[in-house]
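In what follows, a single structure is set out as structure tokens and then discussed.
The values are calculated or read from the model by the stated rules, or taken from the named source; none is laboratory data. Everything numeric in this text was worked out from a predicted model, so none of it was measured. A quick note on method: Cβ atoms are made from the backbone with ideal geometry, for glycine too, and the neighbour counts reach across all protein chains shown. We work out accessible area using only protein heavy atoms, side chains counted, and drop any ligands, DNA or RNA first. Shrake-Rupley method; radii C 1.70, N 1.55, O 1.52, S 1.80 Å.
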Amino acid sequence: MTGDADLEIEEAFRRAQKAHNNKAKLVASLKTRYDKLEDKTEFHEEFIRCLKYVMIIYTREPAVENVIEFVTKFAASFETPVNEEDDVEEDEENEFLNFLFNFLLESHGASSHAVRFRVCQLVNKLLGSLSENAQVDDDLCDRIHEAMLVRVTDKYPNVRIQAALAMARLQDPNNSDCPTIKAYVLLLENDSNPEVRRAVLSCIAPSAATLSKIYKRTRDVKEKVRKLAYQVLAEKVHIRALSIAQRVSLLHEGLSDTADSVKEVIKTHLLPAWLRLLQGDVLQLLHKLDVENCAETAVTTLHAIFSMATNPDDLLQNSIRLDERKLITVDSLSCENVLYWRALCEFVKSKGSEGEELMEKLLPEAAIFAEYLYSYLKSITPLSEEQRADMTQLEMVMTKEFVGQQLILLVGCLDTSEEGGRKRMVAVLQEILVMPNTPTSLIGLLVEKLIGILRDDAQKIQMVAEIISDVREPILPMSEPVDENEKRRKQVRLAEVRVQIMEAKQTLEECISCQDFSRAAELKDSISQLEELKNQLALEASQPAETIKEQRVEKSDPETLLKCLTMCAELFKQMNIKRGICPTMNALIESLVLPSVSNPNPAVRNMAVICLGTAALHSKDLANTHLVLLLQITQLDEPKIRISALRALIDQLLLNGLNILQDKPAPPTSQAPDSPDNSNKQPDQAEEESTVQGILKMLSEFLDSEICELRTETAEGLAKLMYCGRILSPKLLSRLVLLWYNPVTEDDQRLRHCLGVFLQLYARASRANQECLEESFLPTMRTLFNAPVTSPLSEVDTSNVAELFVELTRPSALVQPSAIQAVSVHDSLAVRVCNEILRDVSAPEVRLYCKTLSWLDINTEPGPANHDLQLLLKDILQEVKEKYCTRVIEKLCNQLNGDFCSKSASNQDTTLLNLDDNTGEVVNKDEAKPKRAKRGQKKSSTAKNAKKTSKAESSDESDEENVPEVPPSVRPSRRAKMAALDKTKQDLTALINQEANG
């Protein structure tokens, strides 16, 4: 090759570095030069020589990226259209492309991570630049596949990202054994770098095998990964490919996500995509969500759809049809359209004055809607035991109950300011509550709406009490048996009257014969009276033996008691607790609630416990009276009832604290005043403390319960008590942390989520809470270290637990940092850890404790605490012999002595790419001094991986795009920053020229 040709290649690379150059012209010019050459060997060698200078630079510099783009376009220009007649010519044309691929595949295993990254990047871009019908040699394709399968397991995340992208066109979704699909699934589930997971999500092909893996990424710990997962599902997955449970879960978790960007993706991508597939039919979308079992999720989804609508009138016209009364006809009521109606009314009402005009089109007057509601609920007939066995009839009744529930909820959207409409609605609600066929599932909601309409508290209590009385003691017709003596007496009297009539008729005939007409007239009147008496007596004799009278009858069947207790519980819940217990409420407790606590029916007992717990919130005296009863129920009854009693107990402790028994009247005692017990503690005080200790012991035992719901409820209750400051216990806090990490609770999502949120909020709330965490650190670690092999706690990654405590106790994590103090939580934690190390310097956990010391933010200012810590560290240096531990302790000693400038400089060097101006040699500090891989750590389970913090999730080998945040000790000046930036922006010309001249 001539010198001009050499200059042409170098010149092309030189110009390609500049973004303003037209790369298409550079490609055409170099392609023309290439076509004129008979021997391509020297061209290939020179091209590769220039390319190598790009491939050894790891940072994403604009000049380097421009050259990569130029190389990709130049290689892609050799692709020829598929033509069977020109096979020989095609092989010649693909010679350069094959040569470039061979060079890249030979270089993919280089020791330099920069080279490996550029190889994968070039392979990715080359495959992506080829047309859809491009043909690649099978052997070459297999080699590319094998090389990229190796690189997706590379140590550096950016290499894995490019390798994953490069394999996008090599996957076969129809092949269940496709190695690319398997590699993608492995990366999605196990890769610690979120950018790698995002890269895999962007290129993995949805299929029966991969859909569940993509769906699982919507619960990823990183916001960007969750966001992309929803986008992929919206763009590549049909709604029919998802199960009902998956659709509901996607909407529920997406619309309740903590990140606004994820919520926005649901509104702008997922929901519009699903509606397009359903021709914009919102009711059809609701049908695919099974709204009867996920009503609140469906309402949230509808509100999201409404918020994106441009014309509010379309919301009414396109989905529901209202008649002239502004009602949906009873025959056309369905779960979907009534839920849409309710959600739309609530959405419009939330707009305030802006939605008044539309609200007038959506709902009628209160009186009209009251009659409409009454007529529908009256049509719901209860099922007999035989009918309940028929699933068709049972589903029909459940559907009617759901529709009725949505209609009741619409009452809250009505305008009840008009007196006549409000009175009619109150009367209708009262009548519905008294009706025997009203389903129990609707009772609480009806009472809530009734109390919401009424204005006076006394009237609310009185009206609900009257309804309960009418339901429990309805007026029923009762039959009374007739006395037999009275019946016989009436029969005798009837016979006597008949005899008198016969005698009077005979006398009448005689008078007529004698022509005594005045006497005959008197007899005739007497006979008429006797006939009337006879008829009356005959009617009484013909009546049944029983008489029917109306009177009140007390009902004690479980269904009636459940309805009454539900109304009572709703009343207690709606009333202000500051009002206290009035006589009417107290009468309900004595006559209804307390007797039902011992009812044989579990549902009745459960509702009675709920009533008692709610009522106890209104009166501390009532709580003191029945506290022991609630404690007994939490230990002796069925799980569901125990949980209800436990909730009542937790609510009581949250409201009144552990000193709940302080206001209890002291019982009279005959103890002598000079007795030993009386000199220290009063009996009521001792009883109170024993009760408190008993409560805490019971709650602690519930954390080990085999009943999952009871354990979860206890953990949530303790978390609330600790967060509110009612309990300050390092021991219980340690139990909660161990429960969070315990593999036994891995499937308990509610428990894991509750404790995960609690620990973060608790640690950030105050310094006292961080001090409690500090005290619980060593007990927690000792429990894990001493856990037997058979215990699930032996599987917990102790390093991750230690890192969690360090992150939670950082002074910078406080929401409102207190004034600067001489001793921080990390300072005292360091002293505790040092003392623990000195207890047994040969213990295997010493290595982890030393690593924990290196993570702490220790105050380096001179002071007594600093001096004491230095003495402890010197003692450790004399006792500990392991190199890693001594190196960490020495480094910490240097920091405490004020030698931290060198640390800052070394941190800065690892993130900057240095270019030696004299030699032109490229040196990467990360590559020159590679980091050692982590050793001695247990493999974390899936549950533990989900709890790692952002710092723990960034691997040691991450590049500058994923560098863990390290707070620098000394901030570099602006001039130093500019000098470093100029270095990284140098072009490659000096390097190429120097090598060519040499």
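Give the residue, chosen from 697, 720, that is more than 20 Å from the chain's Cα centre (by Cα) and in a helix (DSSP H, G or I).
Of 697, 720, the one residue that is more than 20 Å from the chain's Cα centre (by Cα) and in a helix (DSSP H, G or I) is 697.
Could we say that residue 258 is of a type in the set (Ser, Thr, Tyr) and either more than 17 Å from the chain's Cα centre (by Cα) or over 30 Å from residue 187 (Cα atoms) (or both) here?
Spelling it out, it is not the case that residue 258 is of a type in the set (Ser, Thr, Tyr) and either more than 17 Å from the chain's Cα centre (by Cα) or over 30 Å from residue 187 (Cα atoms) (or both).
Go through 662, 671 for me and flag whichever is over 19 Å from residue 700 (Cα atoms), surrounded by 13 or more Cβ atoms within 10 Å (Cβ to Cβ) and modelled with pLDDT under 85.
It is 662.
Is region 286-293 home to any residue that is β-branched (Val, Ile, Thr), at pLDDT 90 or above and in contact with a Leu (Cβ under 6 Å, 6 or more places away or on another chain)?
Yes, region 286-293 contains at least one residue that is β-branched (Val, Ile, Thr), at pLDDT 90 or above and in contact with a Leu (Cβ under 6 Å, 6 or more places away or on another chain).
In region 152-179, which residues are in a helix (DSSP H, G or I) and either within 20 Å of residue 56 (Cα to Cα) or under 32 Å from the mean Cα position of the chain (by Cα) (or both)?
Result: 157, 158, 159, 160, 161, 162, 163, 164, 165, 166.
Of the residues that make up region 435-443, is at least one more than 31 Å from the chain's Cα centre (by Cα), under 24 Å from residue 323 (Cβ atoms) and open to solvent by 10 Å² or more (accessible area, probe 1.4 Å)?
Within region 435-443, not a single residue is more than 31 Å from the chain's Cα centre (by Cα), under 24 Å from residue 323 (Cβ atoms) and open to solvent by 10 Å² or more (accessible area, probe 1.4 Å).
Scan region 540-556 for residues that are modelled with pLDDT under 80 and either in a helix (DSSP H, G or I) or of a type in the set (Ser, Thr, Tyr) (or both) and jot them down.
Once the filter is applied, which keeps residues that are modelled with pLDDT under 80 and either in a helix (DSSP H, G or I) or of a type in the set (Ser, Thr, Tyr) (or both), region 540-556 yields 540, 541, 542, 547.
Could you list, in sequence order, all residues of region 122-148 that are in contact (Cβ under 8 Å) with a residue 12 or more places away in the chain, part of a helix (DSSP H, G or I) and either open to solvent by 70 Å² or more (accessible area, probe 1.4 Å) or on the phi > 0 side of the Ramachandran plot (or both)?
125, 143
How many residues, within region 365-415, are crowded, with 19+ Cβ neighbours inside 10 Å and assigned to a loop (DSSP other than H, G, I, E, B)?
Looking only at that region, the number is 1.
Where in region 562-632 are there helices (runs of 4 or more DSSP H), lying wholly inside it, with at least 1 residues that are open to solvent by 60 Å² or more (accessible area, probe 1.4 Å) and over 28 Å from residue 714 (Cβ atoms)?
The helices (runs of 4 or more DSSP H) meeting that bar are 583-588, 594-597.
Collect the residues in region 757-773 that are within 21 Å of residue 798 (Cβ to Cβ) and open to solvent by less than 10 Å² (accessible area, probe 1.4 Å), keeping them in residue-number order.
Matches in region 757-773: 759, 763, 770, 772, 773.
Between a first residue in region 191-211 that is touching a residue at least 40 places away in the same chain (Cβ under 8 Å) and a second residue that is in a loop (DSSP other than H, G, I, E, B), which pairs have beta carbons less than 7 Å apart while being 6 or more apart in sequence or on different chains?
Taking only residues 6 or more apart or on different chains, the pairs are 192/955; 193/955; 193/958; 194/222.
For region 506-518, give me each residue that is assigned to a helix (DSSP H, G or I) and open to solvent by less than 100 Å² (accessible area, probe 1.4 Å).
507, 508, 511, 512, 513, 518 - these are the residues of region 506-518 that are assigned to a helix (DSSP H, G or I) and open to solvent by less than 100 Å² (accessible area, probe 1.4 Å).
Residues checked against (1) part of a helix (DSSP H, G or I); (2) closer than 17 Å to residue 199 by Cα; (3) at pLDDT 90 or above:
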position: 68; (1), (2), (3): yes, no, yes
position: 75; (1), (2), (3): yes, no, no
position: 78; (1), (2), (3): no, no, no
position: 89; (1), (2), (3): yes, no, no
position: 104; (1), (2), (3): yes, no, yes
position: 150; (1), (2), (3): yes, yes, yes
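Rundown of residues vs (1) of a type in the set (A, V, I, L, M, F, W, C); (2) over 27 Å from residue 109 (Cα atoms); (3) open to solvent by less than 40 Å² (accessible area, probe 1.4 Å), yes/no style:
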residue	(1), (2), (3)
18	no, yes, no
24	yes, yes, no
29	no, yes, no
34	no, yes, yes
40	no, no, yes
44	no, no, yes
51	yes, no, yes
56	yes, no, no
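Could you tell me how many of the residues in region 844-889 are small (Gly, Ala, Ser) and without any contact (Cβ under 8 Å) to a residue 12 or more places away in the chain?
Qualifying residue count, region 844-889: 0.
Do any helices (runs of 4 or more DSSP H) entirely within region 811-897 hold 1 or more residues that are among the charged types (D, E, K, R) and closer than 16 Å to residue 770 by Cα, and if so, which?
825-839
Return yes or no: is residue 810 open to solvent by 50 Å² or more (accessible area, probe 1.4 Å) and of a type in the set (D, E, K, R)?
Judged against the criteria, residue 810 is not a match.
Open to solvent by 10 Å² or more (accessible area, probe 1.4 Å), out of contact with any Cys (no Cβ under 9 Å at 6 or more places or on another chain) and more than 19 Å from residue 162 (Cα to Cα) - does that describe any residue in region 66-77?
Yes, region 66-77 contains at least one residue that is open to solvent by 10 Å² or more (accessible area, probe 1.4 Å), out of contact with any Cys (no Cβ under 9 Å at 6 or more places or on another chain) and more than 19 Å from residue 162 (Cα to Cα).
All but one of (1) in a helix (DSSP H, G or I); (2) surrounded by fewer than 17 Cβ atoms within 10 Å (Cβ to Cβ) hold for residue 60; which doesn't?
Condition (1) is where residue 60 drops out.
Name the one entry in 479, 469 that is open to solvent by 10 Å² or more (accessible area, probe 1.4 Å), farther than 24 Å from residue 290 by Cα, modelled with pLDDT under 90 and small (Gly, Ala, Ser).
After applying the criteria, what remains is 479.
Do you know which residues across region 633-642 are surrounded by 21 or more Cβ atoms within 10 Å (Cβ to Cβ) and under 30 Å from the mean Cα position of the chain (by Cα)?
Within region 633-642, 634, 641, 642 qualify.
What's the number of the condition residue 833 fails, among (1) farther than 29 Å from residue 882 by Cα; (2) open to solvent by less than 30 Å² (accessible area, probe 1.4 Å)?
Evaluating residue 833 over (1) farther than 29 Å from residue 882 by Cα; (2) open to solvent by less than 30 Å² (accessible area, probe 1.4 Å) leaves (1) as the failure.
Return the only residue of 380, 320, 305 being of a type in the set (Val, Ile, Thr) and under 29 Å from the mean Cα position of the chain (by Cα).
After ruling out the rest, the residue left standing is 305.
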